[in-house]
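Rule-based calculations on the coordinates, nothing more; no lab input. As the structure is a computational prediction, the values presented were derived from the model and not from experiment. Note: ideal-geometry Cβ built from the backbone for every residue, glycine included; neighbour counts use all protein chains shown.
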Amino acid sequence: MKGRQLKEPHLLAVRIKMMTPQKFGEAFQNGGYQPTVRFLQKRGVDKDQAIEIAQAAWTKGWERISQLRDDNLLVEWVNTLPATHLRRASAMRALLICRRPAANTLSRLRSM
């Protein structure tokens with residue numbers, strides 16, 4: 001049986017539930033974005049901003065619905081969108097902080 005599964009990988013597709021626009025809409029309407037809000041809050045985003053970001057992430061997910069293959073992974077898949085954004089924003093802040101000269105350095109430069 002195991003060897004047969006390797007020879008017929010197309011059988012795996014039968015077990016995966018495909019996401020449809022209707023299922024996606026139902027998931028959002030039934031509060032499916034709440035886990036995304038909690039996900040963002042756990043990463044330090046305040047509640048109001050987390051709600052806005054979560055709704056934007058779900059909108060972006062809707063635009064890319066064809067990329068989702070398993071509806072069991074919907075929330076995790078949508079959460080990757082704001083997670084990536086938060087990582088990029090954090091890296092950008094760190095870069096800006098590293099490039100910003102200290103206040104005493106600016107004072108010394110101005111006095112020269």
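Which value, in Å to one decimal place, does the Kirkwood hydrodynamic radius take for segment 18-111 when every pair of different Cα atoms is included?
On the way: mean 1/r = 0.0657 Å⁻¹.
Evaluated on segment 18-111, it is 15.2 Å.
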- prompt: Going toward the positive end of the dipole of segment 18-111, with +1 on Lys and Arg Cβ and -1 on Asp and Glu Cβ, which of Thr59, Ala83, Thr20 do you reach last?
  reply: Ala83
